[in-house]
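Let me begin by presenting the structure, written as structure tokens, before commenting on it.
The values are calculated or read from the model by the stated rules, or taken from the named source; none is laboratory data. As the structure is a prediction and not an experimental result, all values here were calculated from the model. Neighbour counts are summed over all protein chains in view; Cβ atoms, including those assigned to glycine, are modelled from backbone coordinates with ideal geometry.
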Ligand SMILES: *Cc1c(COP(=O)(O)O)cnc(C)c1O
């Protein structure tokens, strides 16, 4: 049960001392502090002002098994008592770490049998960055240093994460990207491709990668990295032929294929991995978030045998973190995966709740403000437009309608995110069909409430 917090005092201290992630500090100050989330259960979060909010975002794309899992708390407490910490620097490792590595390898069908642990998704991609360049050097092709990524990709907030990512607002802060990262267009059909069929557009976007490889010189390209579907970029689901074509191009030029599975992994698409949904076989995957359902900070980078065989020729790979393979985080992640298996959450997402969400979202298509709805498994989006035919946005540019509708959703009891003018959702994989109905009716209500404000604005 929640403790009796002094919420007003917490808000005062928040403004005085706490700097939140990815925020406008001045705005938080003017609001008198952030919303204080005190506790959660199942698919609901509760705040200090007495609101119960349906968590349409699974925390931050991560609480796949839902809140309030006593067995995850128990397994953490047991592991803390037995061994709260030990490192993997000293030719040492802990039991949960080894068992989790085997478990993840198995979930890749042992195609990516080697697992490097980190504490966050950003770090998992930093590991990719260093490991890939080191690999090519050892392989006798040291010129292969360039990463190709997409504009509007999200790969984290560290220097390498931001550089690999394609968020220009993030690049502007910190003089990024670092040299050796090239960005190409994203497969965002609704915004950039509606003058052609999704299939034609998929080929155009894949061809942009080949053009970039030829421009940079194939002998200089190390890897292509992409999220199977872009999450933070606005739940951008590529045309079905895009990824197979990307893989074909990477193989043609001998370039490594890296999938950032930080959101798509662990059941989100109704498969264990997003790359399965997209029909490709990467050489490396980065994972985090759903790996522990957010109960502990942990991430992993899964690597092919071919790459590790080359790394074995190089002596020490001088990379790794204090918290690489943290035993408590590993124990929690292992149990989290066991819960997903025991409760058949992947099958349920693929066969029941995922298709149900797609149908429920489609009922919004008749709304005058809705340009498109889309989803895969339990991740979806609603595009808000001023003109359904042209796709024109309110106010002539993106960014007016999205925040307004998002705020109205939250006020009416649903946590969603507004990315530009796209409302995105990514609920816990335990969500019921009744809760999906509730989610969609709150979005419809928010659209109805926003319509008069937007059309007179
Ligand atoms: C969240 C996210 C990251 C970064 O993970 P952090 O744990 O925040 O560092 C990287 N890639 C993708 C696709 C993500 O969604």
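Each residue in segment 266-289 was checked for being within 10 Å of the ligand (Cβ to nearest atom) and farther than 22 Å from residue 308 by Cα, and 2 pass. Among the residues of segment 255-276, are any in a loop (DSSP other than H, G, I, E, B), surrounded by fewer than 20 Cβ atoms within 10 Å (Cβ to Cβ) and in contact with a helix residue (DSSP H, G or I) (Cβ under 8 Å, 6 or more places away or on another chain)? No: zero hits. Among the residues of segment 279-294, is there at least one that is over 21 Å from residue 153 (Cβ atoms), in the same structural domain as residue 132 (by TED's automatic domain parsing) and touching a strand residue (DSSP E or B) at 6+ places or on another chain (Cβ under 7 Å)? Among the residues of segment 279-294, not one is over 21 Å from residue 153 (Cβ atoms), in the same structural domain as residue 132 (by TED's automatic domain parsing) and touching a strand residue (DSSP E or B) at 6+ places or on another chain (Cβ under 7 Å), which makes the answer no.
Only one of 121, 48 is surrounded by 15 or more Cβ atoms within 10 Å (Cβ to Cβ) and within 16 Å of the ligand (Cβ to nearest atom); which?
Only one candidate qualifies: 121.
When segment 129-155 is limited to residues that are without any contact (Cβ under 8 Å) to a residue 40 or more places away in the chain and within 16 Å of the ligand (Cβ to nearest atom), the one that is surrounded by the most Cβ atoms within 10 Å (Cβ to Cβ) turns out to be 129. Of all residues in segment 23-32, none are crowded, with 19+ Cβ neighbours inside 10 Å and either modelled with pLDDT of 95 or more or outside any strand (DSSP E or B) (or both).
With respect to (1) within 25 Å of residue 327 (Cα to Cα); (2) within 16 Å of the ligand (Cβ to nearest atom); (3) in a helix (DSSP H, G or I), the lone exception for residue 104 is condition (2). No other residue among 232, 240 is more than 16 Å from the ligand (Cβ to nearest atom) and under 18 Å from residue 187 (Cβ atoms) apart from 240. Checking each residue in segment 182-207 for being outside any helix (DSSP H, G or I) and within 20 Å of the chain's Cα centre (by Cα) picks out 183, 184, 185, 186, 187, 188.
Inclusion of residue 163 among residues that are in the same structural domain as residue 311 (by TED's automatic domain parsing), at pLDDT 95 or above, part of a helix (DSSP H, G or I) and buried (at least 22 other Cβ atoms within 10 Å of the Cβ) is warranted.
Here is a check on your reading of the model: is residue 322 surrounded by fewer than 21 Cβ atoms within 10 Å (Cβ to Cβ), in contact (Cβ under 8 Å) with a residue 24 or more places away in the chain and part of a loop (DSSP other than H, G, I, E, B)?
When the stated conditions are applied, residue 322 passes them.
Please work out if residue 87 is modelled with pLDDT of 95 or more and in contact with a helix residue (DSSP H, G or I) (Cβ under 6 Å, 6 or more places away or on another chain). Spelling it out, it is not the case that residue 87 is modelled with pLDDT of 95 or more and in contact with a helix residue (DSSP H, G or I) (Cβ under 6 Å, 6 or more places away or on another chain). Out of contact with any helix residue (DSSP H, G or I) (no Cβ under 7 Å at 6 or more places or on another chain) and either outside any helix (DSSP H, G or I) or modelled with pLDDT of 95 or more (or both): does that describe residue 308? Answer is yes for this residue.
Residues are listed down the side, and each one gets a yes or a no for (1) outside the structural domain of residue 390 (by TED's automatic domain parsing); (2) buried (at least 23 other Cβ atoms within 10 Å of the Cβ):
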position	(1), (2)
331	yes, yes
338	yes, no
355	no, no
360	no, no
364	no, no
370	no, no
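Screening residue 42 on (1) buried (at least 19 other Cβ atoms within 10 Å of the Cβ); (2) assigned by TED's automatic domain parsing to the domain that holds residue 411 shows it passes everything except condition (1). Could we say that residue 238 is touching a residue at least 24 places away in the same chain (Cβ under 8 Å) and part of a helix (DSSP H, G or I) here? Answer is no for this residue. Among the residues of this structure, residue 53 counts as one that is part of a strand (DSSP E or B), more than 16 Å from the ligand (Cβ to nearest atom) and surrounded by 17 or more Cβ atoms within 10 Å (Cβ to Cβ). Going through (1) within 13 Å of residue 427 (Cβ to Cβ); (2) in contact with a helix residue (DSSP H, G or I) (Cβ under 6 Å, 6 or more places away or on another chain); (3) away from the ligand (no atom under 16 Å from the Cβ) one by one, residue 80 falls short only on (1). Somewhere in segment 304-316, is a residue touching a residue at least 40 places away in the same chain (Cβ under 8 Å) and within 15 Å of the ligand (Cβ to nearest atom)? No, there is no match, as no residue in segment 304-316 is touching a residue at least 40 places away in the same chain (Cβ under 8 Å) and within 15 Å of the ligand (Cβ to nearest atom).
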